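Working notes, beginning with the structure itself.
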Amino acid sequence: MSNSRSILFVVHFEGNKGGIARVGRLMYESLQPYRVISLFGQTEDFEEKEALGCQGSVLKFLAYMFYFGLFHGVRNWYFDHLGKASIILLLPAYLRRKLVVFLHDEEAWTKVRGRNLWVLRQANRLICNSQFTYDRFITRNFAFIEKTRVCLLAGVPPLFETTSTDPVTTASHADWLSGDQRFCLFVSRLWSKHRYKGYLELVDAFALFKSQRPDTRLKLVIIGRGDDEPFLRNRIEELNLQDEVVHFNDVDDPTLVQFYQACEALVFPSSREGFGFVFLEAMVVGKACIGLENQPAEEIIQHEKTGLLLPDNSPHTLTTVLFDIELAPEKYQQYGAAGKKRYQERFTNEHFRHRFLAAI
């Protein structure tokens, strides 16, 4: 039964639009709100009858808030993003009984100022996506410690929990998924401002790895889109790695699942992550995960049990891991099996629901 007094405002309502969109979907499934209002997207694209899209219009976003507050008695407001929650300041205080805001990554890692600071003051509950984000947020915004909680993220789209048997339709993908290739996998958006995710260091590591082991069969697949694609491809060509490193920007979700299933391990050496849903996507299909220490990866990966936590993402450090994957694949298979068990015990959608409802 939906909560007739609650509305959830999200940036996106399609789960394939990134991590924050995934959180919005998880919040919706946990809350069962009266309506969910998506800033982007179109109403007719949503299967859920209570979902409304604003096609990017902030004015429409605001109009829905006033309409449901004034004429439908909505008093509980949930936002999946601090930056978009500032719109609530335009709503009269008597229409706001409860305000809950989910905090992510950079928006919570610095001293919050301006209108976002006013949102924090008005909020009844602030939810951080990991202990890592919580610690950084409270260090810089200690005044809000009493109203802030941690809700460690969890869950993957149902597609990832279903073994895919349908053949891929793209020949270039089929070559990599035929079972003859041994490859590590990196999955992320490829934006120049987000090079901290470590894909360039990973390419450099493969160049070093190849120079030391020229007969290797181990390769690298990078899946993602963004403005940094030309730079990435130039780096691959400059290092003469066209046969060892391949980039795909046209992988749909069913094919992505098959890439996870076929890889040796997920290598995601990001140095500024708020959580890392890609780790869960790999774990649910039984693949080892490699991330960094002193990052939220520590809350997901058990070192030398479900994967590895590295001290840094330097090419030298990553090369050492590549050698290990090359020489001891059975160890990473064991990591993957343990990771799948850990996912089932701690990171399902139901685990998120319990954590989120307890936090609010």
*Which listed residue, of L208, L185, is surrounded by 15 or more Cβ atoms within 10 Å (Cβ to Cβ) and within 19 Å of the chain's Cα centre (by Cα)*: L185
_Matching entry among D243, D250, D180, D228 (being touching a helix residue (DSSP H, G or I) at 6+ places or on another chain (Cβ under 8 Å) and of a type in the set (D, E))_ = D228
_Filter pass, V100 being modelled with pLDDT of 95 or more, in contact with a strand residue (DSSP E or B) (Cβ under 7 Å, 6 or more places away or on another chain) and at negative phi_ = yes
*Inspect the range 196-209 for any residue being touching a Phe, Trp or Tyr at 6+ places or on another chain (Cβ under 9 Å) and under 30 Å from V100 (Cβ atoms) and give the result as yes or no.*
yes
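Among the hydrophobic types (A, V, I, L, M, F, W, C), closer than 30 Å to T110 by Cα, open to solvent by 10 Å² or more (accessible area, probe 1.4 Å) and part of a strand (DSSP E or B): is that true of L308 in this structure?
Answer is yes for this residue.
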*helices (runs of 4 or more DSSP H) within the range 72-174 that include 1 or more residues among the small types (G, A, S) and more than 18 Å from L26 (Cβ to Cβ)*: 82-85, 114-122
*Please determine, by comparing only the residues of the range 169-181 that are touching a Ser or Thr at 6+ places or on another chain (Cβ under 9 Å) and surrounded by 15 or more Cβ atoms within 10 Å (Cβ to Cβ), which one is farthest from C289 (Cα to Cα).*
H173
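Given the structure, is H354 open to solvent by 60 Å² or more (accessible area, probe 1.4 Å), more than 17 Å from A154 (Cβ to Cβ) and assigned to a helix (DSSP H, G or I)?
Taking the combined requirement at face value, the residue does not satisfy it.
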*Kindly provide the set of residues from the range 82-109 that are among the polar types (S, T, N, Q) and out of contact with any Phe, Trp or Tyr (no Cβ under 9 Å at 6 or more places or on another chain), ordered by number.*
none
*Return the pairs, sorted by first residue and then second, in which the second residue is of a type in the set (V, I, T) and at pLDDT 95 or above, the first residue lies in the range 325-349 and is within 23 Å of R213 (Cβ to Cβ), the beta carbons are less than 6 Å apart, and the residues are 6+ apart or on different chains.*
Y332/I325; Y335/T306
*Residue pairs meeting the criteria (Cβ under 6 Å; at least 6 apart or on separate chains; first assigned to a strand (DSSP E or B), in the range 217-238; second β-branched (V, I, T))*: L220/V245; V221/V246; I223/V187; I223/V251
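To keep it simple, each residue is scored yes or no on (1) at pLDDT 95 or above; (2) of a type outside the set (G, A, S); (3) surrounded by fewer than 16 Cβ atoms within 10 Å (Cβ to Cβ).
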site	(1), (2), (3)
A108	no, no, no
R115	no, yes, yes
L120	yes, yes, no
N124	yes, yes, yes
I127	yes, yes, no
D135	yes, yes, yes
T139	yes, yes, yes
F142	yes, yes, yes
*asked:* I'd like the residue in the range 194-216 that is out of contact with any Ser or Thr (no Cβ under 8 Å at 6 or more places or on another chain), outside any helix (DSSP H, G or I) and touching a residue at least 24 places away in the same chain (Cβ under 8 Å) and, out of all such residues, is farthest from H247 (Cα to Cα).
replied: R213
*Look through the range 76-106, keep the residues that are over 24 Å from the mean Cα position of the chain (by Cα) and β-branched (V, I, T), and return whichever of them is surrounded by the fewest Cβ atoms within 10 Å (Cβ to Cβ).*
I87
*Answer yes or no: is there a residue in the range 333-343 that is open to solvent by 60 Å² or more (accessible area, probe 1.4 Å), part of a helix (DSSP H, G or I), closer than 27 Å to E161 by Cα and of a type in the set (A, V, I, L, M, F, W, C).*
yes
*Restricting the first residue to the range 253-270 and requiring it to be closer than 20 Å to L202 by Cα and open to solvent by 20 Å² or more (accessible area, probe 1.4 Å), which pairs with a second residue that is at pLDDT 95 or above and among the β-branched types (V, I, T) meet a Cβ separation below 6 Å and a spacing of at least six or different chains?*
E264/I325
*Go through (1) basic (K, R); (2) free of Cβ contacts under 8 Å to residues at least 24 places away in the same chain; (3) within 27 Å of R355 (Cβ to Cβ) one by one and return the number of the condition K84 breaks.*
(2)
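The values are calculated or read from the model by the stated rules, or taken from the named source; none is laboratory data. In this text the structure is predicted, and so the values were computed from the model without any measurement. Cβ atoms come from the backbone with ideal geometry, glycine included; neighbour counts cover every protein chain shown. Heavy atoms of the whole protein, side chains included, go into the accessibility calculation; ligands, DNA and RNA do not. Shrake-Rupley method; radii C 1.70, N 1.55, O 1.52, S 1.80 Å.
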